[in-house]
Amino acid sequence: MAQLAGQPILILPEGTQRYVGRDAQRMNILAARIVAETIRTTLGPKGMDKMLVDSLGDIVITNDGATILDEMDIQHPAAKMMVEVAKTQDKEAGDGTTTAVVIAGELLKKAEELLDQNIHPSIIIKGYTLAAQKAQEILDSIAKDVKPDDEEILLKAAMTSITGKAAEEEREYLAKLAVEAVKLVAEEKDGKYKVDIDNIKFEKKEGGSVSDTKLIRGVVIDKEVVHPGMPKRVEKAKIALINDALEVKETETDAEIRITSPEQLQAFLEQEERMLKEMVDKIKEVGANVVFVQKGIDDLAQHYLAKYGILAVRRVKKSDMEKLAKATGAKIVTNIRDLTPEDLGEAELVEERKVAGENMIFVEGCKNPKAVTILIRGGTEHVVDEVERALEDAVKVVKDILEDGKIIAGGGAAEIELSIKLDEYAKEVGGKEQLAIEAFAEALKVIPRTLAENAGLDPIETLVKVIAAHKEKGPTIGIDVYEGEPADMMERGVIEPVRVKKQAIKSASEAAIMILRIDDVIAAQKLEK
Ligand code: ADP
């Protein structure tokens, strides 16, 4: 039996920091709120951008919440949970990352006020849980059913999601590309759609202008044909994918090869040559006329390939190899000796073309017609990067609507409606939880308020005006940030998939609740690096 009495028991190592109760809560709430405050100014069409500079001096300029948080080197554990909110939101719904984080921050702010009034965290958690559940029901009830493939709706939703990103001037053009791309990759069965976003590849090439961005039915690879003697264009392509090198491997151990006579040297070189020739022969034998290699291709192997009229590309990125496999139906092979005709993929055309003075490989008319590429163009690296982020969001929003066929009004309309309905619900629930549900309802107003604030409008005055108009005219009334007036957002074409809003409320409330549950932080001393 352990002897407990009379002896101090050291449970935690020296240097461990511990915060308990209110201290722990205060600290966590503060850290999480700082994260939300940081990205709050980017919300909405009039939101500002952030410039992030990493330790190597690389710069990212963006308006995208998930990207900002990803680039910031966040240390505090509670703040990291906010980053998780953005990541989950991005994964589940594709858009609404800033919204989710801003709501989480405001929920915590309101929770802190309740804690200051000595309301126990468990009551707040209960109220928030009830409110979050009810919010899902309300959103379902106000969502409008639309024909999922209604081109105009899809376009408006894509445009709403692109708003505020750097690509503002080309908003409509990019939205159209996003809709077209998603429609091409969508699978339809009995009027229901399923979209695998992985079928859409984004390839970026600096130069030209954003309006030169194009949709290509097939896969575009930022590489060139490796040898000038090879064909630059192959029709009815039979494609081999090899994720190794077309080289004779160097011995891994420090073996020394002693060559004492010219004959031996000759034999050695011939042996190498034979091995390379065998590899190339194998490729030809199985019937391939195009080969993509993930690693290098030896000069001699290039020579043989050229002689056989095979188009070869080297150092293809792993992700591109995977896209090619999916698009052409090819199987990626590691050992060339294992290559069989069944491993080959097919495409109507593989061709090297010049884009902005540089060569790129176009693989078109693939076996799987669902594979498409959006080739993004723009004046600088920062522009193409931001256009890519805008298109990524737009494509996901279009997918959400195509799959669910449900939309809601943006511009704060949905949040105001939720806020009003949750206030009524709070009274039904009554008891101590009522206060927490009311706080939740109040917190949601942060979205219309911030949209107004970021547009340079008076936040309080605008909010009062828009809530009054909303109560009078209905659930689609939000703020038109361009006019600075309440407006029917559906009519203005500011629409969002209901999935985005439902997920934003869900991830925001889950994060806030998780942070509120913590009343003890035990942090080990940092190891010296
Ligand atoms: P998120 O990362 O949350 O999508 P955004 O910066 O893209 O953040 O802003 C989205 C918000 O902006 C949504 O609430 C959306 O309804 C709103 N919004 C988009 N376009 C307009 C507009 N023209 N007028 C008012 N609000 C708009």
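The values are calculated or read from the model by the stated rules, or taken from the named source; none is laboratory data. On a predicted model such as this, the values are computed, not experimentally measured, just so you know. Here the Cβ positions follow ideal geometry from the backbone for every residue, glycine too, while neighbour counts run over all protein chains shown.
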### Candidate set from region 476-488 (those that are assigned to a loop (DSSP other than H, G, I, E, B) and among the β-branched types (Val, Ile, Thr)); member that is nearest to the ligand (Cβ to nearest atom)
Val481
### Query
Can you name every residue in region 93-119 that is more than 13 Å from the ligand (Cβ to nearest atom) and touching a helix residue (DSSP H, G or I) at 6+ places or on another chain (Cβ under 9 Å)?
Glu106, Leu107, Leu108, Lys109, Lys110, Ala111, Glu112, Glu113, Leu114, Leu115, Gln117, Ile119
## Note on the structure
Scanning region 137-166 residue by residue, those in contact with a Gly (Cβ under 8 Å, 6 or more places away or on another chain), within 12 Å of the ligand (Cβ to nearest atom) and assigned to a loop (DSSP other than H, G, I, E, B) turn out to be Thr163, Gly164
### Summary
Over region 114-131, the set of residues at pLDDT 95 or above and charged (D, E, K, R) is Lys126
### Output for region 59-82, where each listed residue is farther than 20 Å from Gly411 by Cβ and within 13 Å of the chain's Cα centre (by Cα)
Ala66, Thr67, Ile68, Leu69, Asp70
### From Lys204, Lys183, residue being on the phi < 0 side of the Ramachandran plot, of a type in the set (Lys, Arg), part of a strand (DSSP E or B) and surrounded by fewer than 19 Cβ atoms within 10 Å (Cβ to Cβ)
Lys204
### Summary
Checked region 384-428 for anything farther than 25 Å from Leu463 by Cβ and of a type in the set (Val, Ile, Thr); matches are Val384, Val387, Val395, Val397, Val398, Ile401
### Message
Just the residues that are surrounded by 11 or more Cβ atoms within 10 Å (Cβ to Cβ), more than 12 Å from the ligand (Cβ to nearest atom) and in a loop (DSSP other than H, G, I, E, B), please, taken from region 10-65.
### Response
Leu12, Thr16, Asp54
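Quick grid of which residues meet (1) modelled with pLDDT under 95; (2) closer than 19 Å to Glu152 by Cα; (3) in contact with a Pro (Cβ under 7 Å, 6 or more places away or on another chain); (4) within 16 Å of the ligand (Cβ to nearest atom):
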| position | (1), (2), (3), (4) |
| --- | --- |
| Glu388 | yes, no, no, yes |
| Gly405 | yes, yes, yes, no |
| Glu415 | no, no, yes, yes |
| Ser419 | no, no, no, yes |
| Gly431 | yes, no, no, no |
| Ala439 | no, no, no, no |
| Leu444 | no, no, no, yes |
| Arg449 | no, no, yes, yes |
| Ala455 | yes, no, no, yes |
### Message
Please pick out the residue among Glu491, Glu472, Glu496, Glu461 that is surrounded by fewer than 22 Cβ atoms within 10 Å (Cβ to Cβ) and either in contact (Cβ under 8 Å) with a residue 12 or more places away in the chain or part of a loop (DSSP other than H, G, I, E, B) (or both).
### Response
Glu491
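Yes/no matrix, rows are residues, columns are (1) more than 13 Å from Val219 (Cα to Cα); (2) buried (at least 18 other Cβ atoms within 10 Å of the Cβ):
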residue: Ala325; (1), (2): no, yes
residue: Asn335; (1), (2): yes, no
residue: Glu342; (1), (2): yes, no
residue: Glu348; (1), (2): no, no
residue: Glu351; (1), (2): no, yes
residue: Val355; (1), (2): yes, yes
residue: Asn359; (1), (2): yes, no
residue: Ala371; (1), (2): no, yes
### Query
Is it the case that region 332-342 has a residue that's under 20 Å from Pro231 (Cβ atoms) and of a type in the set (A, V, I, L, M)?
no
### Query
Identify, please: which residue in region 499-529 is surrounded by 14 or more Cβ atoms within 10 Å (Cβ to Cβ) and among the polar types (S, T, N, Q) and is, among those, nearest to Pro459 (Cα to Cα)?
Ser509
